[in-house]
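Worksheet: the structure to be examined is printed underneath.
The values are calculated or read from the model by the stated rules, or taken from the named source; none is laboratory data. Since we're looking at a predicted model, the values are computed, not measured. So basically every Cβ, Gly included, is an ideal-geometry build from the backbone, and we count neighbours across all protein chains shown.
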């Protein structure tokens, strides 16, 4: 579905990514790990089209997949209610999701009681759950999740991880940036490690190792 070919990224004279090559298949979950400053968020933003590489290519298979990005910024409008935020993004993406379906989605992420409250008064965890609802609404083919568990309580984190599994099952490719390897690694088919801007190694994740014929295990 997605191929990264010789990606490099400079910010001024600082090299953030260097000669990054990787492919991501439909129906897979890839965990992107590495220290702070390794280039993980930059790589995800490039794939999402929010930043341009200095050199190299991001290539998608045809047709170009529907992409959903969940980053540190929530992309929510603080003056709009939770329901109004979803309605806005529903229109932006040209979807036909009904009001009842949007309310059901808010209930799914535990925000039904807050549907008509302004997003600007939400806690970080509530805003992240609303952001998750926005992403789920798209039913994207490619999910780019940059530390998606930030601010989530245990129940919301469990919901997030179930939805990542559901996305894989329906054939989406999921790329997760995470500092919680212990919690997130069981979701992954493989773990990609960035070190000083390079993909230093690639491991089979526990999800891949669940298959007894998986040679990498």
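Worth a mention:
- Those helices (runs of 4 or more DSSP H) lying entirely in region 98-169 with at least 2 residues without any contact (Cβ under 8 Å) to a residue 12 or more places away in the chain: 99-108, 154-169
- Selection within region 33-55 - out of contact with any helix residue (DSSP H, G or I) (no Cβ under 8 Å at 6 or more places or on another chain), under 18 Å from residue 145 (Cβ atoms) and either in contact (Cβ under 8 Å) with a residue 24 or more places away in the chain or surrounded by 13 or more Cβ atoms within 10 Å (Cβ to Cβ) (or both): 38, 39, 40, 41, 42, 43, 44, 45, 46, 47, 48, 50
- Residue-level analysis places residue 30 among those that are closer than 26 Å to residue 151 by Cβ, in a strand (DSSP E or B) and in the same structural domain as residue 163 (by TED's automatic domain parsing).
- Qualifying residue in region 56-77 (condition: assigned to a strand (DSSP E or B), exposed (fewer than 14 other Cβ atoms within 10 Å of the Cβ), on the phi < 0 side of the Ramachandran plot and modelled with pLDDT of 90 or more): yes
- Residue check, residue 133 exposed (fewer than 14 other Cβ atoms within 10 Å of the Cβ) and either modelled with pLDDT of 90 or more or assigned by TED's automatic domain parsing to the domain that holds residue 6 (or both): no
- Yes/no for residue 189 being in contact with a helix residue (DSSP H, G or I) (Cβ under 9 Å, 6 or more places away or on another chain) and crowded, with 18+ Cβ neighbours inside 10 Å: yes
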